[in-house]
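The values are calculated or read from the model by the stated rules, or taken from the named source; none is laboratory data. In this text the structure is predicted, and so the values were computed from the model without any measurement. Glycine also receives a Cβ, built like all others from the backbone with ideal geometry; neighbour counts cover every protein chain displayed. Ligands, DNA and RNA are stripped out before the accessible areas are found, and what is left, the full protein with its side chains, is counted by its heavy atoms. Shrake-Rupley method; radii C 1.70, N 1.55, O 1.52, S 1.80 Å.
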Amino acid sequence: MGVFLSVTRTYAWTRLDVDHGLGFVKIEEGDPIRVDGPEVVVDRGRRWSVRFGIVLAPDWSSRLTLLEVVDLAGTRSVSLASDGHGLWSRDGDPAPELRGCDEVDLASTPFTNTLMFRHLDLPIGESLDVL
């Protein structure tokens, strides 16, 4: 039996699409893969922060996404869970409107744009049309 060692990486970025924005993500590769990160944004006088936590299967497909937003309106949170076969729940309740979705793409972070490509595991040089 082999030993799988966990690898932890961190990344940070500056948002260019808003007045001021800074994001950070910590990725703990293992089984499952765990992702955690905050983002703080100031744009046209509005200020907000987002904190997200994502649990991924070893193929990088989403299993659980936790999201918390803090702004002048208060604090809001949502939990989205996938069974890995196209069925989702929102805050523990079935979410049929998400049926068939593959991934959660959080507009607040560029990190989630990579999830689909990671779990497709395309060979270098291969391409795929994405709708």
### Query
Which members of the range 60-78 meet the condition of being open to solvent by 30 Å² or more (accessible area, probe 1.4 Å), assigned to a strand (DSSP E or B) and of a type outside the set (Asp, Glu)?
ARG63, LEU64, LEU66, LEU67, VAL69, VAL70, THR75, ARG76, SER77, VAL78
### Task
From the list ASP105, ASP93, pick out the single residue that is under 18 Å from HIS119 (Cα atoms) and among the charged types (D, E, K, R).
ASP105
### Residue, least open to solvent (accessible area, probe 1.4 Å), within the range 33-45, restricted to residues that are charged (D, E, K, R), closer than 21 Å to GLY21 by Cβ and under 16 Å from the mean Cα position of the chain (by Cα)
GLU39
### Task
Select from the range 78-90 the residues that are small (Gly, Ala, Ser) and under 14 Å from the mean Cα position of the chain (by Cα) and write down the one among them that is nearest to SER49 (Cα to Cα).
SER79
### Message
Checking the structure you have, find out if any residue of the range 46-59 is surrounded by 13 or more Cβ atoms within 10 Å (Cβ to Cβ) and assigned to a loop (DSSP other than H, G, I, E, B).
### Response
yes
### Query
Which members of the range 1-45 meet the condition of being within 14 Å of PRO110 (Cβ to Cβ), among the acidic types (Asp, Glu) and not in a loop (DSSP other than H, G, I, E, B)?
GLU39
### Query
If you go through the range 79-113 one residue at a time, how many are out of contact with any helix residue (DSSP H, G or I) (no Cβ under 8 Å at 6 or more places or on another chain), assigned to a strand (DSSP E or B) and among the charged types (D, E, K, R)?
1
### Task
Report yes if SER62 is of a type in the set (Gly, Ala, Ser) and at pLDDT below 95, otherwise no.
yes
### Query
Do you know which of the residues in the range 92-125 that are open to solvent by 90 Å² or more (accessible area, probe 1.4 Å), of a type outside the set (Val, Ile, Thr) and more than 15 Å from the chain's Cα centre (by Cα) is farthest from ARG51 (Cα to Cα)?
ASP121
